[in-house]
Amino acid sequence: MILIVGGIASGKRTFAAELGYPARDMADAVIDDRPALRNAQELVRHAEVEDVFPQLMEKDLVIAEEVGSGVVPATHEDRAWRDRAGHLSIRLAEHADTVVRMVCGIPVVLKGDPWVR
């Protein structure tokens, strides 16, 4: 599985398309039969990491926004979601074959090789 992380509008979807995962092959925060999924962090807004992790590991590519580097959320619920989103990204990165962080449209490979499958 390839995990792509990065801030909002950092080039995550563009890079995924370059790897062969166009928008039509990518679910948006829902688990279905498409090979790729974006906005993985939204899956743990009202669920636990363990509830979605196994299904995400079956995907070819997962995109998650980095939500922990910004302003601290004002509500307890939003802080708890941010923590779950961070834990989800950690678990995915531990088990992914490849991890790429997007910075200003530039892929920074943290683990593996996204061009080798």
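The values are calculated or read from the model by the stated rules, or taken from the named source; none is laboratory data. Please read these numbers as outputs of a predicted model, since none were measured by experiment. We place every Cβ from the backbone using ideal geometry, glycine too, and count neighbours over all the protein chains shown.
Points worth noting:
- Selection count, the stretch 77-96, where residues are within 16 Å of I63 (Cα to Cα), exposed (fewer than 14 other Cβ atoms within 10 Å of the Cβ) and charged (D, E, K, R): 1
- Screening D32 against (1) over 24 Å from L110 (Cα atoms); (2) assigned to a helix (DSSP H, G or I) leaves a single unmet condition, (2).
- Residue satisfying condition, being at pLDDT 95 or above and charged (D, E, K, R), within set D78, D60: D60
- Of residues in the stretch 17-33 being within 19 Å of Q55 (Cα to Cα) and in contact (Cβ under 8 Å) with a residue 24 or more places away in the chain, the one surrounded by the fewest Cβ atoms within 10 Å (Cβ to Cβ): I31
- Exclusive hit being in contact with a Ser or Thr (Cβ under 9 Å, 6 or more places away or on another chain) and among the hydrophobic types (A, V, I, L, M, F, W, C), set A40, A23: A40
- Residue in the stretch 7-26 that is closer than 17 Å to V99 by Cα, assigned to a loop (DSSP other than H, G, I, E, B) and in contact with a helix residue (DSSP H, G or I) (Cβ under 8 Å, 6 or more places away or on another chain) present: no
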